[in-house]
Amino acid sequence: MGGLVGQSRGKAGLRAWGCAMAGLFLVAGCADDGTPKGAASSGPPGTSATPSGTPPSAGGSGTGGTGASTPTARPGAATAIPMPPLDESKQPRTAAAARDLLGRIIIAEQDLGPQVLRSTPFESDPGRWPVLDEACVWQTEGLPGDVLATSTRHFHIPAKDGRGRVRISATVTIHHNREESGWETARAMEEVLRCPDQKLREGEQLKSLWGGALYLGEQLNAWTEDAFSESGDYVNAQDGGPYPYTWSQAQFGPVTMAISAKAGQGVTNEDLTVFVAQGTSVMMIQAKQQLGKAAG
């Protein structure tokens, strides 16, 4: 399905998008033509490169040269967790079990860095679900039948030293099975194609969105069953813009994990990539620990 977006922009656009995905999930570099470089390539400021096909190290945080909090690995943290087989006996069967699992996967502010704070409101209504309507405006509705539980947490980095506010959201959704979570990713792709301009709420818009997906084994994706990313511009009536915006989603079995990041003045897309890669990586590792089969 990722080819639908790539074809609309030509082969050069697909190479550039593939490198953007590598930057999000693998913190790899790119050649001038947009193709991913080798494992020795350097990542965004304040990060270290990781082997091809592995996510960035999870956990901890520090301050890098970007001026924003730049995540780094906790001492002794593994740089990657291999893709374990899904243990279907661990899949939740009820909404209550799904909410319990969700709480063990979704990140907190300390997983993103010391400058990241909770926003108000912090957590979404657990009984509501975001829906992009025919006019490309986001609304909320009751949970659909294929969703056992979902939650979004909101964080921010306050404006400081000439840099605008950074808004970060983390979402975890638990479905009944892998097929349902796969359809969620497919719908996300369709939404970008249908609505490259979207209204989040009054005074907030996303513009010029584009994106695509990499299945497990495609290009450098060796850590998630389905990696989806979208990028574009964020416009806020209060803060101005356009500023960089990026969103990524990963899948393991019945679970999808997503991070969105919206920049303010003086904040680059590379700054956002650090937080998106860190948050998605931490949640993926925790999902694999909760639902993967034990080795041996």
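Structure values in brief
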{"read-out": "Burial ranking of peptide ranges 275-285, 113-123, 129-139 (average Cβ count within 10 Å, highest at the top)", "value": "275-285, 113-123, 129-139"}
{"read-out": "Vicinal HN-Hα couplings computed from phi for the range 100-117 (Karplus, 6.51 cos²θ - 1.76 cosθ + 1.60; Hz; Gly/Pro x)", "value": "5, 5, 4, x, 8, 10, 5, 7, 10, 4, 5, 6, 9, x, x, 8, 8, 10"}
{"read-out": "The range 255-296: proportion of alpha-carbon pairs further apart than 16 angstrom, %", "value": "48 percent"}
{"read-out": "Amide H within-cut-off set for G292, under 5 Å, with H built and near neighbours excluded", "value": "D87"}
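Every number here is computed from the coordinates shown, using simple stated rules; none is lab data. Just so you know, these numbers come straight off a predicted model, no measurement behind them. Don't worry about glycine lacking a Cβ; one is built from the backbone with ideal geometry, like all the others, and counts go over all protein chains shown.
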